[in-house]
Amino acid sequence: MRFHRDAYLELMTYGKAPRPMFIELFGPLIGLEDEWRGQGASEEEINLTAFDWDYVPIVDCGCYPLPRGPAPVTISEDEDELLQRDFLGRTLRLMKKTATHALPMDFPVQTMDDWLRVKPFYEFTPDRINWAEVEAARRAREQGALIRAYMPGAFDMPRDLMGEEIACLAYYEQPELMEDIMATLLDTTRRVLEPIAAAVQIDQLSVHEDFAGKSGPLIGPSQIAEHFRPYYRAIWEPLAARGARIFQVDTDGNINAVIPALLDCGVTCIYPMEPAAGMDIVDVRKTFGTRLAMLGGIDKHVLRSDKAAIRRELEYKMQPLMRAGGCAFGLDHQIPNGTSIENYRYYVDTGREILGLPPRDPSQKGWERMGM
């Protein structure tokens with residue numbers, strides 16, 4: 001079912017939402033479609049339109065604060081692997097049969113001098129605003145779409161420049177470098193968003209970080225307070241003053257130790273809440289109440305188990321406490337290989353049953369990826 005922007009905003013801010021929301025955040029991993037096809041799944045099931053997932057149409061507001069430069073140049077390519085070099089000088093490797101995103105094999109920044117060489121790719125230019133897209137967003141909002149602004153990640157960008165190890169050490173060994181990166185990101189993002197926010201109502205601010213693993217976050221509350229908080233709040237507060245209601249962070253891993261610090265930065269929503277890393281949306285709700293909304297949270301790995309395990313997971317995660325708002329229920333990441341189409345059908349139908357939604361109607365088609 002398509003949610004109107006107003007209904008979604010009410011749901012994710014603990015207002016008067018019409019009903020719970022059951023979503024598919026990311027879709028299948030590479031290779032799962034072939035598995036399902038071999039198990040007799042219909043093409044509508046393979047492309048997920050048969051499952052009538054809830055969604056809200058999301059339209060970007062026309063801002064481009066991320067680094068910009070020429071398209072990557074191909075170094076080599078075969079049926080398994082694509083190697084490219086991007087405008088920052090990084091070698092990017094894409095394993096075509098198992099991945100959808102290329103990973104950097106090297107990084108251009110280790111010192112302040114390195115950063116100053118690539119800094120122009122991050123600085124403001126007027127063409128970072130697409131006024132045609134701004135106008136399209138304004139019209140889409142009138143039709144019920146959620147309007148989203150995007151900001152570069154406070155850890156995501158340094159990691160892309162330096163790699164995780166050097167980025168983490170830079171907080172201690174090169175604080176002036178981290179400060180200059182943050183100041184550049186802030187200046188560019190603010191100068192992009194200020195005129196756009198005056199022209200169209202932005203509903204949600206989104207940021208991608210991915211700064212945690214199973215053992216916990218790569219940075220602690222003190223780094224978030226010193227480096228994230230001034231940057232986040234300088235972008236979020238003017239948007240919130242104009243009516244934006246959701247500030248959403250995308251990060252995998254176990255972030256329990258830094259949720260209070262993120263809330264202090266103005267964050268209102270986190271996803272995908274990965275159970276395999278120790279994230280439990282029920283415990284988070286009991287701890288933080290209505291201060292934090294969430295998307296995802298259902299263990300994707302349980303789909304490779306039996307139906308009894310699937311039902312236990314859904315009954316626990318979809319308990320009445322969680323149905324009171326502030327949560328869009330869905331898998332915590334892409335549907336894993338080894339998930340049978342029979343189990344996926346059972347997952348969808350059981351979740352709908354627990355949430356009190358009507359059984360799937362074959363005449364109702366449609367799916368739209370949620371999340372960022």
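The values are calculated or read from the model by the stated rules, or taken from the named source; none is laboratory data. In this text the structure is predicted, and so the values were computed from the model without any measurement. Here Cβ is always computed from backbone atoms with ideal geometry, including for glycine, and neighbour counts include all displayed protein chains.
Yes/no matrix, rows are residues, columns are (1) at pLDDT 95 or above; (2) within 13 Å of ASP160 (Cα to Cα); (3) part of a loop (DSSP other than H, G, I, E, B):
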{"position": "GLU79", "(1), (2), (3)": "no, no, yes"}
{"position": "LEU94", "(1), (2), (3)": "no, no, no"}
{"position": "ALA99", "(1), (2), (3)": "no, no, yes"}
{"position": "VAL109", "(1), (2), (3)": "yes, yes, yes"}
{"position": "ASP113", "(1), (2), (3)": "yes, no, no"}
{"position": "ARG117", "(1), (2), (3)": "yes, no, no"}
{"position": "PRO120", "(1), (2), (3)": "yes, no, no"}
{"position": "ARG141", "(1), (2), (3)": "yes, no, no"}
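For GLU176, the conditions (1) among the acidic types (Asp, Glu); (2) within 25 Å of the chain's Cα centre (by Cα); (3) modelled with pLDDT of 95 or more all hold with the exception of (2).
For ASP280, the test of being within 15 Å of the chain's Cα centre (by Cα) and surrounded by fewer than 20 Cβ atoms within 10 Å (Cβ to Cβ) is failed. From the list ALA132, ALA167, the lone residue that is surrounded by fewer than 20 Cβ atoms within 10 Å (Cβ to Cβ) and in a helix (DSSP H, G or I) is ALA132. Annotation for the range 37-44: at least one member residue is modelled with pLDDT under 95, farther than 26 Å from LEU146 by Cβ and among the charged types (D, E, K, R).
Scanning the range 40-76 for residues that are touching a residue at least 24 places away in the same chain (Cβ under 8 Å), closer than 30 Å to ARG128 by Cβ and among the β-branched types (Val, Ile, Thr) turns up VAL56, ILE58, VAL59. Taken together, the residues in the range 18-39 that are in contact (Cβ under 8 Å) with a residue 24 or more places away in the chain, under 28 Å from ARG285 (Cβ atoms) and over 22 Å from the mean Cα position of the chain (by Cα) amount to 1. Whenever a residue of the range 188-205 is touching a residue at least 24 places away in the same chain (Cβ under 8 Å), it has no partner that is part of a helix (DSSP H, G or I) and acidic (Asp, Glu) lying with C-beta atoms less than 7 angstrom away and at least six residues away or across chains. Number of residues in the range 93-108 that are surrounded by 14 or more Cβ atoms within 10 Å (Cβ to Cβ) and over 25 Å from ASN337 (Cα atoms) equals 2. Checking each residue in the range 140-157 for being of a type outside the set (A, V, I, L, M, F, W, C), over 23 Å from GLU237 (Cα atoms) and either surrounded by 18 or more Cβ atoms within 10 Å (Cβ to Cβ) or touching a strand residue (DSSP E or B) at 6+ places or on another chain (Cβ under 9 Å) (or both) picks out only GLY144.
Restricting attention to the range 265-308, the residues that are in a strand (DSSP E or B) and among the small types (Gly, Ala, Ser) total 3. Only a single criterion out of (1) in contact with a Ser or Thr (Cβ under 6 Å, 6 or more places away or on another chain); (2) under 22 Å from PHE3 (Cα atoms) is not satisfied by GLN84, namely (2). With respect to being in contact with a Cys (Cβ under 9 Å, 6 or more places away or on another chain) and surrounded by fewer than 23 Cβ atoms within 10 Å (Cβ to Cβ), LEU321 falls outside the description.
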